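Working notes, structure below.
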Amino acid sequence: MKFNMTLALADKPGQLLRALEPIAKNGGNIVSIIHERDRPVEGYVPVSLVVDFPSHQSFRNTINDFRSLGIMIIRSEELVEKVRLTFILIGGVDLKKIVESKVEGAKIIGLEASTPRLEEVTVKLDVEIPAENVDELMEELKGLAREQNVILISPIYP
Amino acid sequence: MRILLVGFGFLGRELAKALRNKMSLLIRIDSDFRVVGAADSKGYIYSEDGLNIERLSGITKLSEHEDYKSGREAVELINRDLCDVIVEATPTNIKNGEPGLTHIRLALSRGIHVVTPNKGPLVLAFRELMSLAEKNNCDLLYEGAVAGAIPIFSLARECLQGDKIIRLSGILNGTTNYILSRMFFEEIGFEIALKEAQEKGIAERDPSYDVDGIDTACKIVILANALMGRDAKINDVERSGIRGITQEAMSLAKKSNYAIKLIGVVDKRLEVSPKLVPINHPLCVHGTLNAIHLETDLAGEITLVGYGAGKETVSAILNDLITVLRNRSGKSPKKS
Ligand SMILES: NC(=O)c1ccc[n+]([C@@H]2O[C@H](COP(=O)([O-])OP(=O)(O)OC[C@H]3O[C@@H](n4cnc5c(N)ncnc54)[C@H](OP(=O)(O)O)[C@@H]3O)[C@@H](O)[C@H]2O)c1
């Protein structure tokens, strides 16, 4: 699992190496690193890293190690891989139910409807969702479609 | 080898013409190649020395032939071992597989090779028939049964021997693809597109077998069993057809660079349903074309596109027949 971290390192030699040590020790794999040496702010240089850790625990251990080394952490968060999926629903869709559906991290980012007649409304829905929750979203939408007697057209490879 | 044509309908007749045109090739592969008989539902013609292929390819009904024996059945010829290969091209029946299932079972159990475009027996009894073929040391080849002229099984058998197929998806029904393509390009509704397909002879008067996805589901079952080691049955397929697809839905899809296609998928799912296919995806083919997209562990992605029905299907049947000739001529399974 990947994490985004921004550290503030003192603008003196050897600080970057010192910061990388806990990452290596906890099994982290550095995916990218941006060291903005020409942009020191009050004697500190921001370093942005993307690190692939084997577990949440190894990430937390690294943060603790940073703290005990006195390394300042400006930001740290898990990078969630998101996918965008398009669906088309045909029939008397109850949009409220869809909007209220509770799949974690799912966000409706686009909605378009064409209405020849209300009971036959056709809706296109663009959803952004963490990749790991796609199956859950598919099940949820299939269930809603079945319940409401609506035709669900989903992406070929969700 | 002695060939018996069981079923002399559209494909049987087209095959007879192809055999006539390709006879010198066939004789080169097997100097003893001859078509000894042809049967329909009401009788057969048979000659141990081989039928005159010129004459056979010139008739539209077997009963026009001077040697037609009416009231006789193909099973008699199979039972008496009067052939080495049958081409089983009787109508598809997915309820009980008959009459094809009886023909194929009987042939294989007597060590007679089988080439067939008939889905019914394969959908209902794939594992049974394959093990019967193996036990009796004979070939059971069925390239024409799925996606007509597209050589999907031959490709997998010959060219992907070390690959594992992880996912298979495809447009496997030309009728529904024609209807959906007309809706996509002409912006017409389902009913009008269906009517047009019926007038052109692309859709049957009762279109349910195609438009409700049953035909595609049958093909998905055969593909899953033949290429991905499954033991799938037709009821395992989650299926929905294209009847409810509206013109508005197609327009909304098109505006976002998708087409709606009836797709069969085998992965952890076994599913047939209308899907949104990006218009630049290799599966996004139009008209009556079929397409199969494979994802394998070594080759990555492979897509085959071609005609899934019509006289092009003869290509698949003839290739199967030639495969049997190359594998077996001069090596009778009964003697080995
Ligand atoms: N047509 C295609 O493009 C296509 C493509 C791929 C696969 N297939 C499959 O290939 C098979 C043949 O298709 P087709 O279009 O040629 O069908 P078809 O035109 O309906 O011909 C079927 C033939 O089988 C004969 N038949 C029926 N019962 C029989 C029996 N008990 N013994 C011997 N013959 C019997 C029929 O005889 P009568 O004439 O006496 O009724 C007819 O000659 C079907 O399973 C079909 O699904 C077809």
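The values are calculated or read from the model by the stated rules, or taken from the named source; none is laboratory data. Small disclaimer: the values here were computed from a predicted structure and weren't measured. Please note: Cβ atoms are built from the backbone with ideal geometry, for glycine as well, and neighbour counts cover all protein chains shown. Remember, those area values only see protein heavy atoms, side chains included, never the ligands or the DNA or RNA. Shrake-Rupley method; radii C 1.70, N 1.55, O 1.52, S 1.80 Å.
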Could you list log10 I(q)/I(0) for the range B:77-236 at q = 0.09, 0.16, 0.17 Å⁻¹, which the Debye formula gives when each Cα is one point scatterer? -0.35, -0.95, -1.03
Of A:GLN57, A:LEU144, A:ALA10, whose Cα points farthest to the positive end of the dipole of chain A (charges on the beta-carbon: +1 Lys, Arg; -1 Asp, Glu; origin at the Cα centre)? A:ALA10
To the nearest 10 degrees, how steeply does helix A:56-68 sit against the main Cα axis of chain A, on a 0 to 90 scale? 30 degrees
Considering only B:ASN177, B:ILE3, B:SER57, whose Cα is most displaced toward the positive end of the charge dipole of the protein assembly as shown, charges sitting on Cβ of Lys, Arg (+1) and Asp, Glu (-1)? B:ILE3
In degrees, nearest 10, range 0 to 90: what is the angle between the Cα axis of helix A:15-25 and the longest Cα principal axis of chain A? 60 degrees
Which entries in A:LYS142/B:LYS119; A:LYS25/B:LYS268; A:LYS124/B:LYS164; B:LYS42/B:LYS311 show an alpha-carbon gap greater than 28 Å? A:LYS142/B:LYS119; A:LYS25/B:LYS268; A:LYS124/B:LYS164
Which log10 I(q)/I(0) values does the range A:29-158 give at q = 0.14 Å⁻¹ under the Debye formula, counting every alpha carbon as one identical point scatterer? -0.74
Which parts of the range A:44-75 would a label at A:ARG18 reach, counting a residue when its backbone N lies under 15 Å from a point 7 Å out along Cα-to-Cβ? A:44-47, A:65-73
GNM of chain B, Cα pairs under 10 angstrom: of B:GLY43, B:GLY12, B:GLY174, the biggest fluctuation goes to B:GLY43
Select from the range B:229-261 all residues whose loss of accessible area on going from the chain by itself to the full protein assembly reaches 10 Å² or more (probe 1.4 Å). B:GLU238, B:GLY244, B:ILE245, B:THR246, B:GLU248, B:ALA249, B:LEU252, B:LYS255, B:SER256, B:TYR258, B:ILE260
In square nanometres, what is the average projected area of the Cα convex hull of the range B:114-205? 8.4 nm²
Between the range B:184-210 and the range A:1-62, how many Å separate their Cα centres? 62 Å
Amide H of B:ALA309: which non-local residues (sequence gap of 5 or more, or other chain) have their own amide H closer than 5 Å, using H built in the peptide plane? B:ALA149
Buried area at the A-B interface (accessible, heavy atoms, 1.4 Å probe, summed, Å²): 1800 Å²
Rounded, prolate or oblate: which fits chain B when a ≥ b ≥ c are the square roots of the eigenvalues of the alpha-carbon gyration tensor, with rounded for a/c under 1.5 and prolate only if a/b beats b/c? prolate
Which percent of the accessible heavy-atom area of the protein assembly as shown goes to carbon and sulfur, probe 1.4 angstrom? 49 percent
Cα-projected label distance for A:ASP52 with B:SER31, points at 7 Å along beta-carbon direction, nm: 6.3 nm
Accessible area per residue for the protein assembly as shown in Å², computed with a 1.4 Å probe and the full protein assembly in place, what is it? 46 Å²
Cα convex hull of the range A:2-79, projected area averaged across orientations, nm²: 4.5 nm²
Quick one: which bits of the range B:144-193 get at least 20 Å² less accessible when the partner protein chains are in, versus the chain alone, with a 1.4 Å probe? B:ARG167
Please state the charge dipole magnitude for the protein assembly as shown, taken about the Cα centre, from unit charges on C-beta atoms (+1 on K and R, -1 on D and E), reported in debye and rounded to the nearest 20. 820 debye
Counting only C-alpha contacts under 8 Å and six or more residues apart, can you give the relative contact order of chain B as a whole percent? 18 percent
Run the quick spin-label model on A:ILE63 and B:LYS195: label points 7 Å from Cα toward the beta carbon, then report their separation in nm to one decimal. 6.5 nm
Using Cα atoms only, what is the angle between the long axis of helix A:134-148 and the major principal axis of chain A, expressed in degrees (0 to 90) to the nearest 10? 20 degrees
Can you list the residues of the range A:78-118 that have at least 20 square angstrom less accessible area with all protein chains present than in their chain by itself, probe 1.4 Å? A:THR86, A:ILE88, A:ILE90, A:GLU112, A:SER114, A:PRO116
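Based only on Cα atoms, what mean projected area does the convex hull of the protein assembly as shown have, in nm²?
The Cα convex hull of the protein assembly as shown, projected and averaged over all directions, gives 31.3 nm².
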State, to one decimal in nm, how far the label point of A:LYS142 lies from the label point of A:LYS107, with both points 7 Å from Cα in the Cβ direction. 2.7 nm
Which one, B:ALA203, B:ALA193, B:ALA299, projects farthest toward the positive side of the charge dipole computed for the range B:165-307 from Cβ point charges (K/R +1, D/E -1)? B:ALA299
Mind scanning B:LYS95/B:LYS135; A:LYS107/B:LYS255; B:LYS219/B:LYS254 and naming the pairs with a C-alpha gap bigger than 24 Å? B:LYS95/B:LYS135; B:LYS219/B:LYS254
